[in-house]
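Have a look at the structure below, then the notes.
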Amino acid sequence: MTIHKLFRCALLLGAFGAWGGCASSAVKSVLMMPEESEVRPEAADSTARQIPRPARPMMPADSTNALGQVLLMLPFSNSSDYDGPWPVHMGMAQILADSLQFNRFLRIVPVDSVVAFLSEEELQGKIDPDRAADLARFLGADWAVLGDIDELTMNKFQATVPLGGYRNYEGIVSANLVLVNAIDGRPTGEVSAEGMEESRRTGITNPAAFVPLDKQFIFLHELEWNSEEFRESLIGKGLAIWAAKAAAGVGEDIRPPPSLQVLEPKVIDVDGTVAYINIGLVEGIRHGDKYGVWDHGRQLRDPDTGAILGEAPPRRVGVVQVEQVIADHLTQARVIEGAGSIAIGYLLRAE
């Protein structure tokens, strides 16, 4: 939308601005799927196979993050009217990733890590869920985050009233997210968020007070994306509000697994990197949930006499990730840490 069109829209809306209420920002559950990729699946898979598989992202040493979920950020598609110079496809994903860093349960694979594997269409956010899941698995992530920009604009409302006038400036950002589980390739989470920052001027006001906001409105797209000046603008502040709300929504959908209700949750069978565990549908676990595997401790002997002095406390020897929930108390899991160290009877902890 051009500046002239924005002004015409602002003038039309201005007549109603004095009587219209301001919509509040909110997180909703609305699914807006990105457009399907125009790249042939076989071509995309071929590209991925030609590149050596990267190592799984390094996880922090503490137990909370070792069992956390890894999210791959992907470029956003753009369904808004914005067609200016800002790098919104990558930029929106990066800003969301920055907000997600505060969630200790989540580990982020930034969007620039996947750029080399994407086609031109995919760089514009045209990625279907199957392709997103493939990319997540390829880069060692548990989830892929798809996004679609619904609105990215600054509005101006103006009306003349007896006490001197009314002006309201709004920076509005809204975008919808789809969370794709890399284990089964299904879109299992949806988050929609909106951020709005407004600056209202009413009554008899010095016209000079409007100049900074008018300048911001007219020359908005000349601001450098995510610069300090951009972040201080109304649309920059609206974007920050959106990112915080979207990150909170992601955290609600991708959360630590539930506490285990089984008296003794444990490994009941293990074969290489495949393990079977005695928890399942009853516990409400989901594909992708991770559990620490703990041994029973070991006997400590005097090296000279051989006498048993006691036992060392149990220690975590590995991590398993749910792949298929089979029955009420039976699940197939993949050993993602500690292959060769996990034995039948070792205990599970959600930690």
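The values are calculated or read from the model by the stated rules, or taken from the named source; none is laboratory data. What you see is a predicted model, and the numbers here were worked out from it, not measured in a lab. Cβ: placed from backbone, ideal geometry, glycine included. Neighbour counts: every protein chain shown.
For this structure, a couple of remarks:
- Taken as a whole, the stretch 77-90 holds no residue that is of a type outside the set (Lys, Arg), outside the structural domain of Arg316 (by TED's automatic domain parsing), more than 22 Å from Leu152 (Cα to Cα) and modelled with pLDDT under 95.
- Residues within the stretch 231-264 that are surrounded by fewer than 18 Cβ atoms within 10 Å (Cβ to Cβ) and touching a Leu at 6+ places or on another chain (Cβ under 9 Å), tallied: 6
- Enumeration of residues in the stretch 193-243 that are at pLDDT below 75 and in a strand (DSSP E or B): Arg200, Arg201, Thr202
One line per residue, one yes/no per condition, for (1) farther than 17 Å from Ala333 by Cα; (2) among the polar types (S, T, N, Q); (3) not assigned by TED's automatic domain parsing to the domain that holds Thr331:
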| site | (1), (2), (3) |
| --- | --- |
| Ala246 | yes, no, yes |
| Gly249 | yes, no, yes |
| Ala275 | no, no, no |
| Val282 | no, no, no |
| Arg286 | no, no, no |
| Lys290 | no, no, no |
| Trp294 | no, no, no |
| Gln299 | yes, yes, no |
| Asp302 | yes, no, no |
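- In the set Ala144, Ala133, only one residue is on the phi < 0 side of the Ramachandran plot, assigned to a strand (DSSP E or B) and small (Gly, Ala, Ser); that residue is Ala144.
- The stretch 69-98, residues that are surrounded by 18 or more Cβ atoms within 10 Å (Cβ to Cβ), of a type outside the set (Gly, Ala, Ser) and more than 14 Å from the chain's Cα centre (by Cα): Asn78, Trp86, Val88, His89
- Residue pairs whose Cβ atoms lie under 6 Å apart, separated by 6 or more positions or on different chains, with the first residue in the stretch 281-294 and surrounded by fewer than 18 Cβ atoms within 10 Å (Cβ to Cβ) and the second part of a loop (DSSP other than H, G, I, E, B), are Leu281/Asp328; Val282/Asp328; Gly284/Pro258.
- The residues of the stretch 118-139 that are over 16 Å from Pro87 (Cβ atoms), of a type outside the set (Lys, Arg) and crowded, with 17+ Cβ neighbours inside 10 Å, listed by number, are Ser119, Ile127, Asp128, Pro129, Ala132, Ala133, Asp134, Leu135, Ala136, Phe138, Leu139.
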